[in-house]
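Before any comments, here is the structure.
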Amino acid sequence: MKEAYKMKNIETLETYRLKSLLRTPYTFLCVEKVLAEKFFKWIKLKIVKLEGNYYLSGKGSLQPTGCKQSYQVQVIFSPFFGGNRFESIKILNPKIEFHPKIHMYHNTSLCLYYPKDHFGHVPLFRSLQWTSEWLVKYEFFKRFGTWIGDEVKH
């Protein structure tokens, strides 16, 4: 009973935080931009306004340790996507086609985590870290035909 009450309070606080975030999206995106660029020198981001909503948009070249090649990565991040998934991260070059055995959505954005495992939104710098891990797993997949790591069927 006590734990359920605590969870309800946490959910209420998170709902309030997300609503306030949507009232000040520019400030929120400025913080996300600074954190992402501080930890990941390979990405350059800019805040853009499209149809009245703010987004972080950027590209960069990434070659994680252990990967044989460099990848051109595109990032779009906004609280206006809806839900608690704020990022859309795609590999532009080399082009990676959708494959049901790799963690990728049909629109070719990367599936970096299972949303139900994360309460609230995932910060952009965390998603960028997971992008490096995704690329290492992808190169293993290309070589061995098996996706390494945990999976949740969805």
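Read-outs: derived from the displayed coordinates by stated rules, not from any lab. Only a predicted model underlies this, so the values are computations on that prediction, with no experimental measurement involved. Note that we place each Cβ from the backbone using ideal geometry, even for glycine, and neighbour counts take in every protein chain shown.
Determine the sum of side-chain charges near residue 73: Lys and Arg each +1, Asp and Glu each -1, restricted to other residues whose C-beta is under 14 angstrom from that of residue 73.
Details: positive: 41, 44, 59, 90, 95; negative: 37, 87, 133.
Around residue 73, the charge tally is +2.
For the residue pairs 46/101; 44/95; 49/101, alpha carbon separations beyond 30 Å are given by 46/101; 49/101. Restriction of the GluC sites (Glu not before Pro) in the range 43-127 to DSSP coil positions whose beta-carbon has at most 10 other beta-carbons within 10 angstrom yields 51, 97. Among the trypsin sites (Lys or Arg not before Pro) within the range 67-127, those in coil by DSSP and having at most 13 neighbouring Cβ atoms inside 10 Å are 68, 95, 101.
Between residue 114 and residue 48, what is the FRET efficiency for a Förster distance of 35 Å, r being their Cβ-Cβ separation, to the nearest 0.05?
Numbers: r = 29 Å, r/R0 = 0.82.
It comes out at approximately 0.75.
One decimal place: the segment residue 133-residue 41 gains 31.5 nm when fully extended, by the rule 0.36 nm per residue minus the C-alpha distance. Within the range 25-63, report the trypsin sites (Lys or Arg not before Pro) that DSSP leaves as loop and that have at most 11 other Cβ atoms within 10 Å. In loop regions of the range 25-63 (DSSP not H, G, I, E or B), the sparsely surrounded trypsin sites (Lys or Arg not before Pro) are 41. Spin-label model, residue 70/residue 95: points 7 Å from Cα along the beta carbon direction are separated by 2.1 nm.
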